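To start, the structure itself, in structure tokens.
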Amino acid sequence: MKHLIFSNDPYEMNWLRPDFTYAEVSAPKELEAQVTTEQDGDVVRTVIVLTNRGKKPYFTNRESISIAFPVQDRYEDSDTCLKRRCHTHIFCGGEVSYLCALRMGGEAPHLGMVLTEGSLGSYSIRRNLLHQSNDRGCFLLHPEGAQYAPGESKRISWTIFPHAGKEDFMEKIPQYNPRFIRVEADQYVLFPGEKNRIHICPAFPARRVTVDGEDVVRTDGEYIVEYTAEMPGERVFSICADGVKTSLKTFVQEKVEILAARRCAFLAEHQQYKGEGGLAGAYLAYDNEEERLVYTPENDFNGGRERIGMGILMARYLQAQQPGSCPALESSLETYTAYVLRELTNPETGQVFNDFGRDDSYRRLYNAPWAATFFVEMYRLKKEVRWLTYACRVVEWFYRAGGESFYPIELPVIALDECLDAAGLSEERARMRELFVKHAERLCAIGVHYPAHEVNYEQSIVAPAADILLSVYKLTGEERFLTEGKRQVEILELFNGMQPDYHLYETAIRHWDGYWFGKRRLFGDTFPHYWSALTGNVFALYGSITGDETYKRRAEASRRGVLSLFFPDGRAACAYVYPDDVNGVRAGMADPYANDQDWGLYFYLRSHGAEGLM
């Protein structure tokens, strides 16, 4: 099968990418694979029969067999993406496995796949590295390990069908797999002492349901397990309903006040350069394997850019502490602040540089809003007006450099406005508002025809558009910004997963950050990566404007979702590369580099205010 076009699709999108073969099986020579695919209208059924033709038994593991599922999850220009490309949400949950592919523009029909026979344990990625960040690649589905007696055959089968969106997808699955079990949790990332509930809804009248071998009683049409989170770490719940097996994964993180304290202590002790020269005082990436700082002039390992998030986290954390109570952290931040003023910015002109030494050999507009955010957090900490003066100069420089048509990550629209108001700087506040409104007007004019940035199309292009539009609506109350912001939110939420795994639930699809920021230099799905929480920030803003509690809950899940990148001893990882392997290289691991992930912890502290640290 080379083409799969649903009958009522106005764009006649072919959901199958042409550079990989649909349902192609890679298996040991001892196993013979036969693939048959039948199509009945818009419904496609594929059956794969694996037979041991040898005279001895053969035992497989998850790495033994791969089955290609090549869909159009890749980034070209935004107009092509919104109509003819998809986001793919995969759950390899044993006998309950599925794939929900959503057209990037949100317009139905979308593609769904549900496993009907067999068991899937995980997936891997094959991608053309020449496309770098712009192509997620082909998904290789891995059946669970099994034992094949001589002459024995086993089947892997699935059904593909159209659907109208995430909820419609879940509701339609039982039509194609009557033995399906829907499993969900109230929360997937918890803190010790929090209560949680797991909901198990078999599509059939199950006689017995167990979780980790313990029987569960049916209540109000579903099976519910209630428990209290205890020790930090991953917890996998094994679920079985009348012999159908699946799983759900949650994660318990240390209490945020403890987590933040340990992380900031680690930054001050291990990730600050204490040598001499221009780099003195910089917060740098850190190799957790070799226990050493990392610096190269290469953009994503240098002394500026995203790494200013470490200073922002430190400033935010200290706001909740009594002055003088954390002398080592206060001294560390003071040293870093001197570094930022000396090496990364020009406080008199507002110019922001790419690396220490005021190195602007690579002009990058993303850096400016982060410097402005740092200065805003320093004002909140010190209550000195000069920090707001610096922030305003940075914002003005950003717009002089072309920022009005740019999609900046974390432009502090509301934060700067609030601080200028608190400081009584009405003239500066009016000037900033004028710049922000012009930016929002430009985004309204562009609409969903997003320009390419460092990636052709991505979650962190759509998220800034939504964030700026909704923020300017809060400043002005003008409905045009809310109307356009709502449209951006609808496109943004398509990136987020809904699978019962803390890596995936409300985590936005990103698949290149492990290469650009990590030690292993692996392309491949990063679930989570801290920029995923940009979506949570937008959900929270939208929920506060509309009063929609659903978006507020999703915001909390999104922000919590990135906290598994932080470890109990204060270490951290820049990304978790989720697939089993990427182009044959082992993955399924947290990258050894602590680099730029501190934005994720900062987002959580910021969203919960000082009370989150008390």
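The values are calculated or read from the model by the stated rules, or taken from the named source; none is laboratory data. Treat the numbers as computed from the prediction; the structure is a model and nothing was measured. Glycine gets a Cβ as well: all are built from the backbone with ideal geometry, and neighbour counts include every protein chain shown. Side chains included, ligands, DNA and RNA excluded: accessible areas come from the protein's heavy atoms. Shrake-Rupley method; radii C 1.70, N 1.55, O 1.52, S 1.80 Å.
If you scan the stretch 551-589, which residues turn out to be open to solvent by less than 40 Å² (accessible area, probe 1.4 Å), among the small types (Gly, Ala, Ser) and either assigned to a loop (DSSP other than H, G, I, E, B) or closer than 20 Å to Arg292 by Cα (or both)? Correct list: Gly570, Ala572, Ala573, Ala575, Ala587, Gly588. Of the strands (runs of 3 or more DSSP E) entirely within the stretch 113-165, those holding at least 2 residues that are more than 18 Å from Pro70 (Cα to Cα) occupy 153-163.
Scanning the stretch 30-83 for residues that are under 23 Å from Asn456 (Cβ atoms), among the hydrophobic types (A, V, I, L, M, F, W, C) and in a strand (DSSP E or B) gives Phe69, Val71. Specify the residue that is most open to solvent (accessible area, probe 1.4 Å); the eligible residues are those in the stretch 284-297 that are farther than 28 Å from Met231 by Cα and part of a strand (DSSP E or B). Here the answer is Arg292. The single condition from (1) under 25 Å from Gly514 (Cα atoms); (2) out of contact with any Phe, Trp or Tyr (no Cβ under 9 Å at 6 or more places or on another chain); (3) in contact (Cβ under 8 Å) with a residue 60 or more places away in the chain that Thr296 fails is (3).
Of all residues in the stretch 375-409, those that are open to solvent by 20 Å² or more (accessible area, probe 1.4 Å) and within 18 Å of Phe603 (Cβ to Cβ) total 2. One residue stands out in the stretch 252-264 among those that are touching a helix residue (DSSP H, G or I) at 6+ places or on another chain (Cβ under 6 Å) and surrounded by fewer than 21 Cβ atoms within 10 Å (Cβ to Cβ): the one that is nearest to Gln319 (Cα to Cα), namely Glu257. Of the residues making up the stretch 265-283, those that are open to solvent by less than 10 Å² (accessible area, probe 1.4 Å), farther than 19 Å from Ser361 by Cβ and not in a helix (DSSP H, G or I) are Gln271, Gly281, Tyr283. Within the stretch 554-568, residues that are among the charged types (D, E, K, R) have Cβ atoms under 6 Å from residues that are in a helix (DSSP H, G or I) in these pairs: Arg554/Phe539; Arg559/Ala533; Arg559/Gly536; Arg559/Phe603; Arg559/Tyr604; Arg559/Ser607, counting only partners at least 6 apart in sequence or on another chain. The conditions of being basic (Lys, Arg), surrounded by fewer than 18 Cβ atoms within 10 Å (Cβ to Cβ) and under 28 Å from the mean Cα position of the chain (by Cα) are met by Arg62. If I ask for residues that are more than 18 Å from Asp548 (Cβ to Cβ), under 17 Å from the mean Cα position of the chain (by Cα) and charged (D, E, K, R), which ones from the stretch 455-501 would you list? Result: Glu458, Asp501. Residues of the stretch 30-49 that are in contact with a Gly (Cβ under 9 Å, 6 or more places away or on another chain) and farther than 19 Å from Arg126 by Cβ: Glu30, Leu31. Do the conditions hold for Val216, that is, is it closer than 24 Å to Glu144 by Cβ and crowded, with 17+ Cβ neighbours inside 10 Å? It is true that Val216 is closer than 24 Å to Glu144 by Cβ and crowded, with 17+ Cβ neighbours inside 10 Å. Screening Val394, Val455, Val437 for residues that are β-branched (Val, Ile, Thr), in contact with a strand residue (DSSP E or B) (Cβ under 9 Å, 6 or more places away or on another chain) and either in contact (Cβ under 8 Å) with a residue 24 or more places away in the chain or farther than 25 Å from Ser532 by Cα (or both) leaves exactly one candidate, Val394. For Thr526, the test of being free of Cβ contacts under 8 Å to residues at least 60 places away in the same chain and open to solvent by 10 Å² or more (accessible area, probe 1.4 Å) is failed.
When the test is whether a residue is within 19 Å of Met310 (Cα to Cα) and surrounded by fewer than 20 Cβ atoms within 10 Å (Cβ to Cβ), Leu333 does not pass it. Condition first: in contact with a Leu (Cβ under 9 Å, 6 or more places away or on another chain) and either open to solvent by 50 Å² or more (accessible area, probe 1.4 Å) or without any contact (Cβ under 8 Å) to a residue 24 or more places away in the chain (or both). Now tell me which residues in the stretch 168-208 satisfy that. Of everything in the stretch 168-208, just one residue is in contact with a Leu (Cβ under 9 Å, 6 or more places away or on another chain) and either open to solvent by 50 Å² or more (accessible area, probe 1.4 Å) or without any contact (Cβ under 8 Å) to a residue 24 or more places away in the chain (or both), namely Glu184. Pairing residues of the stretch 579-591 that are farther than 17 Å from Phe567 by Cα with residues that are assigned to a strand (DSSP E or B) and of a type in the set (A, V, I, L, M, F, W, C), at Cβ distances under 6 Å and at least 6 apart in sequence or on separate chains, gives Pro579/Ile125; Val582/Ile125; Ala587/Val577. Pairs linking a residue in the stretch 139-167 that is within 24 Å of Ile491 (Cβ to Cβ) to a residue that is small (Gly, Ala, Ser) and buried (at least 16 other Cβ atoms within 10 Å of the Cβ), with Cβ atoms under 6 Å and 6 or more positions apart or on different chains, are Phe161/Gly112; His163/Gly112.
For Phe237, the conditions (1) touching a Leu at 6+ places or on another chain (Cβ under 7 Å); (2) free of Cβ contacts under 8 Å to residues at least 12 places away in the same chain all hold with the exception of (2).
A single member of Ser124, Ser133, Ser153, Ser157 is touching a Pro at 6+ places or on another chain (Cβ under 6 Å) and among the hydroxyl-bearing types (Ser, Thr, Tyr), and it is Ser124. Count of the stretch 345-384 residues, restricted to those that are in a helix (DSSP H, G or I), free of Cβ contacts under 8 Å to residues at least 60 places away in the same chain and over 20 Å from Glu330 (Cβ atoms), is 3.
Condition check ((1) closer than 16 Å to Gly145 by Cα; (2) open to solvent by 10 Å² or more (accessible area, probe 1.4 Å); (3) in contact (Cβ under 8 Å) with a residue 24 or more places away in the chain) across all residues:
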position: Leu4; (1), (2), (3): no, no, yes
position: Tyr22; (1), (2), (3): no, yes, yes
position: Gln39; (1), (2), (3): no, yes, yes
position: Asp42; (1), (2), (3): no, yes, yes
position: Ile48; (1), (2), (3): yes, no, yes
position: Ile67; (1), (2), (3): yes, no, yes
position: Tyr75; (1), (2), (3): no, no, yes
position: Thr80; (1), (2), (3): no, yes, no
position: Met113; (1), (2), (3): no, no, yes
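In the condition set (1) open to solvent by less than 20 Å² (accessible area, probe 1.4 Å); (2) in contact (Cβ under 8 Å) with a residue 40 or more places away in the chain; (3) over 27 Å from the mean Cα position of the chain (by Cα), Val340 is compliant with all but (2).
Residues in the stretch 82-93 that are open to solvent by 10 Å² or more (accessible area, probe 1.4 Å) and not hydrophobic (A, V, I, L, M, F, W, C) were compared, and the one that is nearest to Val183 (Cα to Cα) is Arg85.
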